[in-house]
Amino acid sequence: MNDVALRAGVSQSTVSFVLNGQEDMRISSETRSRVLQAVRDLGYRPRSAGRPPAGAGHGVIGLMVDEIATSHFAAISIDAIQSAAWKENVVLETVMTGGDKEYERAILRKWSADRVRGVIYSSILTRMVSPPDLLANHKCLLMNCYDRKGRYASIVPGECQGGERAARALIDAGHRRIAFITGEPWMDAARLRREGFEQALADAGLQLDPELIVEGNFLASGGRSATLQLMNRSNPPEAIFCSNDLTAVGCYEALKELGLKIGIDVGVMGYDDQEIAQHLHPTLTTVLLPHAEMGQLATEQILADQEIPLKQVEVACPLVERVSHLRSTS
């Protein structure tokens, strides 16, 4: 739906209203026509496409997540799970627990009584979790998290490989002196992205310069201050790998303050593929966090007729190549 909105030059809300046939909204006929043409051009199929026949019984799967409002990534996962479930005539029931273990146990008891098809236990941050023992009474898996004891199957983003892929793109673009602005070190994502970065340098035979590793905070403010530190070095970097896109926003700001051209004087790499990445100038090369893919895969495994293999699956984080990492950006 976001692709349709971009193609038609309207908001995603407008696309939703048009596709749902809400005539009471003050949307012009010309705008409606643009949206419908974008739908045809892109081959978009609304969620209702492919639904089972009316009258078939609905199953239910449960999604238990610690936080929703703190990140838009939760909405991406929920939408993917809901879409994949509804194609099988299964309804999604979502609860946000805030990490309250007693509340989690109460919901799991309810879902046992309701005979849900299965449970997806999820965290907004990739991290180790300790789910209630009652989770084992359900067909279940962990999404974007993993348990200390290895009792449950889990699906997580391949962060280390994503960091490696991003650094390799900078190396392939001709950069050799590459800096890295970390995230908060207690986060799995920050640690694994840095590991991937360092592995890519080692594979390319490039020496890691500790002076080019600066701690950030996953915010634009940290990206700006870290970039100013890096560019104040006696031998500044040719490229900067930012550990997320918000960090890259601050990096852009600092480089422009210094009168440097992104992609000509300094290459920049982001991570996350937040929507802002495609609106920066120049557009930001970044790495996609596969929350939609994880949600779809989790749903397929819950609804499959076989047991879920007791293993951790890492979903690839692909490079979204734009122009900020190249030397020839103008």
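The values are calculated or read from the model by the stated rules, or taken from the named source; none is laboratory data. This structure is a prediction, so every number in the text was calculated from the model and none was measured. Counting neighbours? That spans all protein chains shown, and the Cβs are built from the backbone with ideal geometry, glycine included. Calculation scope for accessible area: heavy atoms of the full protein, side chains included, ligands and nucleic acids excluded. Shrake-Rupley method; radii C 1.70, N 1.55, O 1.52, S 1.80 Å.
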Are any of the residues in segment 264-273 under 21 Å from the mean Cα position of the chain (by Cα) and open to solvent by 20 Å² or more (accessible area, probe 1.4 Å)? yes
In segment 76-102, which residue that is acidic (Asp, Glu) and outside any loop (DSSP other than H, G, I, E, B) is most open to solvent (accessible area, probe 1.4 Å)? Glu102
Number of the condition not met by Pro132 [criteria: (1) under 25 Å from Pro157 (Cβ atoms); (2) open to solvent by 40 Å² or more (accessible area, probe 1.4 Å)]: (2)
Mind checking which residues of segment 132-152 are closer than 13 Å to Ala298 by Cα and either among the small types (Gly, Ala, Ser) or in contact (Cβ under 8 Å) with a residue 24 or more places away in the chain (or both)? Lys139, Cys140, Leu141, Met143, Asn144, Cys145, Tyr152
Being modelled with pLDDT of 95 or more and among the small types (Gly, Ala, Ser) is the filter here; which residues of segment 307-330 pass it? Ala316, Ser324
Which one is most open to solvent (accessible area, probe 1.4 Å), of the residues in segment 185-203 that are more than 17 Å from Glu164 (Cα to Cα) and touching a residue at least 24 places away in the same chain (Cβ under 8 Å)? Pro185
Set Arg168, Arg117, Arg109: member being in contact with a helix residue (DSSP H, G or I) (Cβ under 6 Å, 6 or more places away or on another chain), of a type in the set (Lys, Arg) and at pLDDT 95 or above: Arg168
Name every residue in segment 282-306 that is within 23 Å of Arg165 (Cα to Cα), in a helix (DSSP H, G or I) and either modelled with pLDDT under 95 or out of contact with any helix residue (DSSP H, G or I) (no Cβ under 8 Å at 6 or more places or on another chain) (or both), in order of residue number. Leu297
With (1) modelled with pLDDT under 95; (2) more than 26 Å from the chain's Cα centre (by Cα) as the list, and Ala202 as the residue in question, which single condition is left unmet? (1)
Restricting segment 204-259 to residues that are among the acidic types (Asp, Glu) and within 25 Å of Thr70 (Cβ to Cβ), the one most open to solvent (accessible area, probe 1.4 Å) turns out to be Glu215
For segment 302-330, what are the residues that are in contact with a Pro (Cβ under 9 Å, 6 or more places away or on another chain) and open to solvent by 40 Å² or more (accessible area, probe 1.4 Å)? Glu314, Ala316, Pro318, Arg322, Val323, Leu326, Ser330
Evaluate the following for Ala179: is it surrounded by 22 or more Cβ atoms within 10 Å (Cβ to Cβ), under 22 Å from Arg233 (Cβ atoms) and over 22 Å from the mean Cα position of the chain (by Cα)? yes
Which one is farthest from Ala80 (Cα to Cα) among residues in segment 2-35 that are touching a helix residue (DSSP H, G or I) at 6+ places or on another chain (Cβ under 8 Å) and open to solvent by 70 Å² or more (accessible area, probe 1.4 Å)? Arg34
Verdict on Ile155 being more than 16 Å from the chain's Cα centre (by Cα), touching a residue at least 60 places away in the same chain (Cβ under 8 Å) and buried (at least 19 other Cβ atoms within 10 Å of the Cβ): no
Taking the residues in segment 103-123 that are open to solvent by 10 Å² or more (accessible area, probe 1.4 Å) and among the aliphatic types (A, V, I, L, M) as candidates, determine which candidate is nearest to Glu307 (Cα to Cα). Val116
